[in-house]
Amino acid sequence: ADCLQSMGLERVGAPGTTAALAILNDQVKKGGVMASSYVGGLSGAFIPVSEDQGMIDAVNAGSLTLEKLEAMTCVCSVGLDMIAIPGETKAETISGIIADEMAIGMINQKTTAVRLIPVIGKDVGDTVEFGGLLGYAPIMPVNSFSCDEFVNRGGRIPAPIHSFKN
């Protein structure tokens, strides 16, 4: 988060956050390609909420939402990472969030992941401590509109088809 804010964002989550993350990730990847014959290590930017104080501060300030994090996953190296949500969040809602992330991976032809943590007994505004390197996280709000009918239809997110590119 501090890297993105040093690029000129007042807070992570502000308009321009996804663009700043894309620029950062592009440079990390290009630097990694150049150095790959000599060193190993980071191959792109990732955005774990609980492991970055700047991300935690942005959530607490209200500038960083679950929806903005999802948008940021279009240009980062992973997906939704270490996000604490209310323990009462329905399984269908979690499935819908995972399906959205899978769709981003399918369209962008990249691997994505989801580490949502429903914290039993906690609600928006509370905090959960994971300990050690995993840090702590504020419980983030989840969109309350239903996707139950969509999720319960079943089905699959299709694999990407490379021949659609010109």
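The values are calculated or read from the model by the stated rules, or taken from the named source; none is laboratory data. Just so you know, these numbers come straight off a predicted model, no measurement behind them. All Cβ positions, glycine included, derive from the backbone under ideal geometry; neighbour counts span all protein chains shown.
Scanning the stretch 91-106 for residues that are surrounded by fewer than 20 Cβ atoms within 10 Å (Cβ to Cβ) and of a type in the set (Ser, Thr, Tyr) yields a total of 1. Residue count for the stretch 118-129 under the criterion of being surrounded by 15 or more Cβ atoms within 10 Å (Cβ to Cβ) and part of a loop (DSSP other than H, G, I, E, B): the result is 1. Sub-6 Å Cβ pairs linking a first residue in the stretch 71-88 that is over 14 Å from Met55 (Cα atoms) and at pLDDT below 95 to a second residue that is of a type in the set (Gly, Ala, Ser) and surrounded by fewer than 21 Cβ atoms within 10 Å (Cβ to Cβ), at least 6 apart or interchain, are Val75/Ala22; Ser77/Gly44; Val78/Ala113; Gly79/Ala113, ordered by first then second residue. If you go through the stretch 64-75 and keep only what is assigned to a loop (DSSP other than H, G, I, E, B), surrounded by fewer than 23 Cβ atoms within 10 Å (Cβ to Cβ) and touching a Gly at 6+ places or on another chain (Cβ under 9 Å), you end up with just Thr65. Once the stretch 130-166 is narrowed to residues that are of a type in the set (A, V, I, L, M) and at pLDDT 95 or above, the residue that is farthest from Ile117 (Cα to Cα) is Val151. For the stretch 132-147, the candidate set comprises residues that are touching a helix residue (DSSP H, G or I) at 6+ places or on another chain (Cβ under 8 Å) and exposed (fewer than 14 other Cβ atoms within 10 Å of the Cβ); within that set, the residue that is nearest to Ile56 (Cα to Cα) is Asn143.
Taking the condition of being farther than 15 Å from Leu69 by Cα and either at pLDDT 90 or above or exposed (fewer than 15 other Cβ atoms within 10 Å of the Cβ) (or both), how many residues in the stretch 107-116 meet it?
Restricting attention to the stretch 107-116, the residues satisfying the condition of being farther than 15 Å from Leu69 by Cα are 107-111.
Still in the running and either at pLDDT 90 or above or exposed (fewer than 15 other Cβ atoms within 10 Å of the Cβ) (or both): 107-109, 111.
Result for the stretch 107-116: 4.
Taking the conditions (1) touching a Ser or Thr at 6+ places or on another chain (Cβ under 7 Å); (2) within 21 Å of Leu9 (Cα to Cα); (3) not aliphatic (A, V, I, L, M) in turn, Gly135 satisfies each one other than (2).
Could you please give the count of residues in the stretch 82-115 that are within 23 Å of Ala159 (Cβ to Cβ), outside any helix (DSSP H, G or I) and within 11 Å of the chain's Cα centre (by Cα)?
So the count comes out to 4.
For the stretch 80-90, the criterion of a residue being out of contact with any Pro (no Cβ under 7 Å at 6 or more places or on another chain) and surrounded by fewer than 17 Cβ atoms within 10 Å (Cβ to Cβ) is satisfied by at least one position. Selection of first residues in the stretch 119-142 that are closer than 17 Å to Ile94 by Cβ and touching a residue at least 12 places away in the same chain (Cβ under 8 Å) and of second residues that are hydroxyl-bearing (Ser, Thr, Tyr) and outside any loop (DSSP other than H, G, I, E, B), restricted to Cβ pairs under 8 Å at least 6 apart or on distinct chains, gives the following pairs, ordered by first then second residue: Val128/Tyr136; Ala137/Thr127; Ile139/Thr127; Val142/Thr93.
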